[in-house]
Structure formats: C-alpha cells, structure tokens
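Heads up: the structure comes next, in structure tokens.
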Amino acid sequence: MGKNSAARGHPFLFYSIIFFGLALAGALALWWILKWDAVLTWLISITIVTFIAYRYDKSIAGSDRFRVPERVLLLLALAGGTIGAITGMYLIGEHHKTSKRSFMLPFFIILIVQAIVVGIYFWWRFVGQ
C-alpha cells in the first residue's frame with residue numbers, strides 16, 4: 001500500500017478497521033468452531049492480531065508505506081492484546097517502540113490498569129464470593 005492508497009487520508013481509521021475487523025472475525029471463528037468462552041476467544045484473537053500489527057508496523061518502518069498509527073497500536077493493547085504487543089515489541093527480532101517515551105508511558109499505564117482489572121476479577125471470582 002503506497003502513499004496514494006486508501007490509508008492516505010485516514011490511516012487511523014483504515015488500520016483500526018483492518019486490525020479490529022481481523023480480531024473480531026478471528027474471535028467469532030474460534031467461538032463458533034471451538035465453542036469456547038467469548039472472552040477467551042476474543043483475548044486469543046486480539047493477542048494474535050496485535051502481535052501481527054506490531055510486527056507489520058516494524059516491517060514497513062523506513063519504507064514509503066503509511067505506518068500503523070501509535071494510537072491504533074495502543075488501542076489494540078488496551079482491547080486485550082497486551083501479550084501480543086509485548087511479544088511484538090520485545091521478543092521477536094529488534095525492539096519496536098521501546099525507546100519512544102511518548103509511546104511507552106501510555107503503554108505502561110495500559111499494562112498497570114489491565115493488571116489491576118485482572119487482579120480484581122480473580123479476587124472477585126475466587127475470593128470475594
């Protein structure tokens with residue numbers, strides 16, 4: 001996709017539709033085929049799609065293609081793809097986005113909020129009842 005593509009005017013909207021559409025399609029497919037819990041299928045799907053988004057953005061860095069906006073990458077992590085984001089940033093190949101403070105601060109806030117939410121969920125589910 002070159003600079004004259006559909007993403008030219010609205011890369012945020014373009015990449016949001018692509019990646020969240022893939023995550024939703026994947027979650028629905030897993031849910032329909034495997035009959036697993038809807039939340040679990042969403043988390044699996046969004047994790048995989050988030051990893052793909054981070055690696056795709058890294059692969060096109062330095063080319064004439066429009067990069068995936070940081071807001072999209074952060075929203076994918078916020079939507080449950082944090083493990084995919086961490087894997088895409090740290091564990092595969094070169095580090096991606098890890099030296100940008102303007103990106104890492106919101107990412108760490110997302111990580112902390114998600115850890116708190118998961119902790120509350122498990123406390124409520126297993127201790128609080």
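Every number in this text was worked out from the coordinates using simple rules, so none of it is lab data. Model, not experiment: these values are computed from the prediction. Using ideal geometry, Cβ is built from the backbone for each residue, glycine included, and neighbour counts are taken over all protein chains shown.
Using DSSP to define loop residues, name the chymotrypsin sites (Phe, Trp or Tyr not before Pro) in the range 10-54 whose beta-carbon has at most 15 other beta-carbon atoms within 10 Å. Spell out each step's value before the answer.
Details: sites: 12, 14, 15, 19, 20, 31, 32, 36, 42, 51, 54; in loops: 36.
Loop-located and lightly packed - 36.
When restricted to Cα atoms, the range 11-126 yields an Rg and a Dmax of 14.8, 51 Å, respectively. Modelled spin labels at residue 63 and residue 32, positioned 7 Å past Cα toward Cβ, are 3.0 nm from each other.
Taking a straight Cα-Cα cut-off under 13 Å and skipping sequence neighbours fewer than 8 places away in the same chain, the aspartates and glutamates within cross-link reach of residue 97 are 57, 70. Between residue 100 and residue 25, the simple label model (points 7 Å from Cα in the Cβ direction) yields a spacing of 2.6 nm. The value given for the range 62-129 is a Kirkwood hydrodynamic radius of 13.5 Å, derived from the mean inverse Cα-Cα separation. Just want to confirm a number: the relative contact order over the chain, from Cα pairs under 8 angstrom separated by 6+ residues, in percent. With pairs under 8 Å counted, the relative contact order is 23 percent.
What's the longest uninterrupted piece of the chain once you rule out the trypsin sites (Lys or Arg not before Pro) that are loop residues per DSSP with at most 15 other Cβ within 10 Å? Can you show the working numbers first?
Values: sites that count: 3, 8, 35, 100.
That gives 36-99 as the longest site-free run.
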